[in-house]
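What follows is a single structure, written as structure tokens, with notes after it.
The values are calculated or read from the model by the stated rules, or taken from the named source; none is laboratory data. Because the structure is predicted, anything quoted here is derived from the model rather than measured. For neighbour counting, all protein chains shown are included, and Cβ atoms are generated from backbone atoms with ideal geometry for every residue, glycine included.
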Amino acid sequence: MLVGLETSDDAAVYRISEDKAIIHTIDFFTPVVDDPFVYGQIAAANALSDVYAMGGRVLMALNIVCFPADLDLEILKEILEGGADKVKEAGGIIGGGHTIEDKEPKYGLSVMGVIHPKDIIRNSNARPGDILVLTKPLGIGIILTAIKGDLLDPEDEKEAVRVMSTLNKIPGELMLETGVNSCTDITGFGLLGHGYEMAVASNVTMIFNFTKIPFLKPAEDLAKMGIIPGGAYKNRNYLKGCVKFDKCVPEFMRDILFDPQTSGGLLISLSPEKGKNLIEKLHSRGVKDARVIGRVEKKGEFPIVIEE
């Protein structure tokens, strides 16, 4: 076992030979949108992301399904087709899976990837002097809360779906090509929760510049209206005393920073020289939302600091 539970990393990694290691991860959740096919795509993209965060290549996935007995099986078919669509895009195959009866639908994947043991990108190797790059905008949890309340414009919902269903494949490939120090993907614990895990595992302090952090446009107004998911309050409570906010950070932005993400982007720590190259490559390959959002410093009083 090369990577296990020790640093709350994104996936387990097990070496099977001198030049090959298996990446293994699992993730599933309840529907976040009404369209079954799109739900399948989002759930699959979310599960596949852990492999990319480690720098790996997807090989195979198994479906994990909970499904009510009284729901039309055509819905299940569409969910599975959505998941298979994303696994195919990732270059992997679906090798089967397991289904149980449940009161509420749940879907996701157990994913297997592969990587050379020397190429593993961990969440525990951020170094002082690094810059921090984020590849997707924040605000997904707030947006999904608005969708449930029928409070979102269809075009804004379409954009949120695009973000969630986009694979982190290109950033994962470019990370390996460029050479980075550390990475994690941003999901349920939000940017600050996953950033905290990386900072603690790396024994450093991470400085985030809130004015540089990309977020979906409707998230600001929705946050000001109090449209905040319960997970954001849990994240805020868990990180109490671990994050220092400058007084200039507005409350709506604090909500966005604690916001739990579904199929969020990658948070990458790398040298400034390589960072410029990576950003240029990301933008040229269509990852237009990628931004430098902060830096890494020697360990200070707080693992996470938010400043202008």
- [ ] Using the structure shown, decide if residue 201 is among the small types (Gly, Ala, Ser) and either within 18 Å of the chain's Cα centre (by Cα) or closer than 13 Å to residue 264 by Cβ (or both).
- [x] yes
Task: Selection from the range 120-134 of residues that are in contact with a Pro (Cβ under 8 Å, 6 or more places away or on another chain) and surrounded by 18 or more Cβ atoms within 10 Å (Cβ to Cβ) - done: 130, 131, 134
Open item on the list: As an exercise: evaluate residue 109 against (1) in contact with a helix residue (DSSP H, G or I) (Cβ under 6 Å, 6 or more places away or on another chain); (2) aliphatic (A, V, I, L, M); (3) under 30 Å from residue 227 (Cβ atoms); (4) in the same structural domain as residue 284 (by TED's automatic domain parsing) and give the number of the one condition it does not meet.
Closed with: (4)
TODO: Spot the failing condition for residue 224; the list is (1) within 30 Å of residue 180 (Cα to Cα); (2) over 20 Å from the mean Cα position of the chain (by Cα); (3) free of Cβ contacts under 8 Å to residues at least 40 places away in the same chain, and only one is missed.
DONE: (1)
Task: Cross-chain or 6+ apart pairs with Cβ under 8 Å, the range 98-116 first and aromatic (Phe, Trp, Tyr), then crowded, with 16+ Cβ neighbours inside 10 Å and in a strand (DSSP E or B) - done: 107/28; 107/29; 107/63; 107/64; 107/65; 107/66
TODO: For the range 78-91, name all the residues that are crowded, with 22+ Cβ neighbours inside 10 Å and either under 20 Å from residue 177 (Cβ atoms) or more than 21 Å from the chain's Cα centre (by Cα) (or both).
DONE: 90
Open item on the list: Among (1) crowded, with 16+ Cβ neighbours inside 10 Å; (2) among the charged types (D, E, K, R); (3) out of contact with any Lys or Arg (no Cβ under 9 Å at 6 or more places or on another chain), there is one condition residue 101 misses while meeting the rest; what is its number?
Closed with: (1)
Task: Residue satisfying condition, being within 18 Å of the chain's Cα centre (by Cα) and over 20 Å from residue 161 (Cα atoms), within set 256, 268 - done: 268
Task: Tally, over the range 251-297, of residues that are without any contact (Cβ under 8 Å) to a residue 40 or more places away in the chain and part of a loop (DSSP other than H, G, I, E, B) - done: 1
Open item on the list: Being among the hydrophobic types (A, V, I, L, M, F, W, C), surrounded by fewer than 19 Cβ atoms within 10 Å (Cβ to Cβ), assigned by TED's automatic domain parsing to the domain that holds residue 105 and in contact with a Ser or Thr (Cβ under 6 Å, 6 or more places away or on another chain) is the requirement here; does residue 75 meet it?
Closed with: no
Open item on the list: Filter the range 1-56 down to the residues that are among the polar types (S, T, N, Q) and within 23 Å of residue 196 (Cβ to Cβ) and list them by number.
Closed with: 7, 8, 25, 46, 49
Open item on the list: When you check residue 213 against the structure, is it in contact with a helix residue (DSSP H, G or I) (Cβ under 7 Å, 6 or more places away or on another chain), in contact (Cβ under 8 Å) with a residue 24 or more places away in the chain, of a type in the set (A, V, I, L, M) and closer than 27 Å to residue 181 by Cβ, yes or no?
Closed with: no
- [ ] Taking the residues in the range 144-184 that are in contact (Cβ under 8 Å) with a residue 60 or more places away in the chain and of a type in the set (Gly, Ala, Ser) as candidates, determine which candidate is surrounded by the most Cβ atoms within 10 Å (Cβ to Cβ).
- [x] 172
TODO: Collect the residues in the range 216-250 that are of a type outside the set (A, V, I, L, M, F, W, C), assigned to a helix (DSSP H, G or I) and crowded, with 16+ Cβ neighbours inside 10 Å, keeping them in residue-number order.
DONE: 218, 220, 231, 234, 235, 236
Task: So residue 140, is it within 18 Å of the chain's Cα centre (by Cα) and either assigned by TED's automatic domain parsing to the domain that holds residue 204 or surrounded by fewer than 22 Cβ atoms within 10 Å (Cβ to Cβ) (or both) - done: yes
Open item on the list: List the strands (runs of 3 or more DSSP E) inside the range 72-169, counting only whole elements, that have at least 3 residues being under 24 Å from residue 26 (Cβ atoms).
Closed with: 93-101, 106-115
